[in-house]
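Read-outs: derived from the displayed coordinates by stated rules, not from any lab. Note that the structure is predicted; figures quoted are calculated from it, not measured. Using ideal geometry, Cβ is built from the backbone for each residue, glycine included, and neighbour counts are taken over all protein chains shown.
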């Protein structure tokens, strides 16, 4: 691959110009960043649709699990933003996640442990992984 660059007169000219001229170097560097950015922005504008009728059709024909996950995500985001507005301590979310627990929406019970059968399954999986490692 380097043979292509070493033998190319255009590449050698570009290297020589960027080495010898700081204004040319900065212009070239700016063009390498700006031109792809402008092209990407143009492509995004051309391909994004602001057609309300199309959006309504896509929302009405969405699968049930997709709409359910969208609703769940909106609820979780609203809950989290509400906690931030009330300046509540949210570190227990991370502590619960590290212990394998999940937070609930029950106001009286903030942390709910993982069910015992799920922990047993996880323990069995870990044991079988360790046995297969020993066999190797």
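Which shape class applies to the stretch 2-45: rounded if a/c is under 1.5, otherwise prolate when a/b exceeds b/c and oblate if not, where a ≥ b ≥ c are the square roots of the Cα gyration tensor eigenvalues? Oblate, because a/c is 1.5 or more while a/b does not exceed b/c.
A protection proxy built from the mean count of other Cβ atoms within 10 Å ranks the segments 92-98, 60-66, most packed first, as 92-98, 60-66.
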